[in-house]
Amino acid sequence: KVSEVLIKNNLISSVGLEFKGSIGIEFMYANNVSIQHNEIYDVPYIGISAGIGWEGSWSDNSTSMADSEIIHNKIVGAMSVAKEGGSIYTNNRHNNIKKKYGLIISENYIDELSNPPPSRKQAPIHHDEGSDNILVKKNIIETTRPNYIWVHKSCKIEEACEKLKLKL
């Protein structure tokens, strides 16, 4: 099993010039992943994706992801082509073994004003079916979308009170 992964201090820009489903950074079926201090610009789909597989809160067979974080990243111009998703996207249960939450999304900056997404559906932080055991806190988001976070009805997500939303 993949574990103890650090993705740090990268500049990712203009991916997916031919394949419009390209993602800036993606991890799935891994434990203890830390994605931090990356800058992601102009991606047609998701900026950072954590997990795949609808093994969420209703399933007890998801032991594939645990104790990860997405912190201190800058995402500008994600979702420039795709109509469903977010600058940060989650799918799957994120188990907590050593930490209180299986995935922490904290202190990221998301700019959707520079290159607005073609759809106002969903939100910059998108928790799809099965997302579970995730803490979202202290993110700065600039968007014209009506929501800054979208959560599928079956998800269990906690939002901390100190979050900040900039909506222009």
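The values are calculated or read from the model by the stated rules, or taken from the named source; none is laboratory data. Keep in mind it's a predicted model, so treat the numbers as computed, not measured. Cβ atoms come from the backbone with ideal geometry, glycine included; neighbour counts cover every protein chain shown. Keep in mind that these areas ignore ligands, DNA and RNA; they rest on the heavy atoms of the full protein, side chains included. Shrake-Rupley method; radii C 1.70, N 1.55, O 1.52, S 1.80 Å.
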Counting other Cβ atoms within 10 Å, which GluC sites (Glu not before Pro) in the stretch 1-47 have at most 11 and lie in a DSSP loop?
Glu18
Can you give the local net charge around Gly24? Use residues other than it whose beta-carbon is closer than 10 angstrom to its beta-carbon, Lys and Arg +1, Asp and Glu -1.
-3
For the stretch 1-119, which whole percent of the accessible surface, found with a 1.4 angstrom probe, sits on carbon and sulfur atoms?
51 percent
For the stretch 1-147, what does the accessible surface come to per residue with a 1.4 Å probe? Please give it in Å².
42 Å²
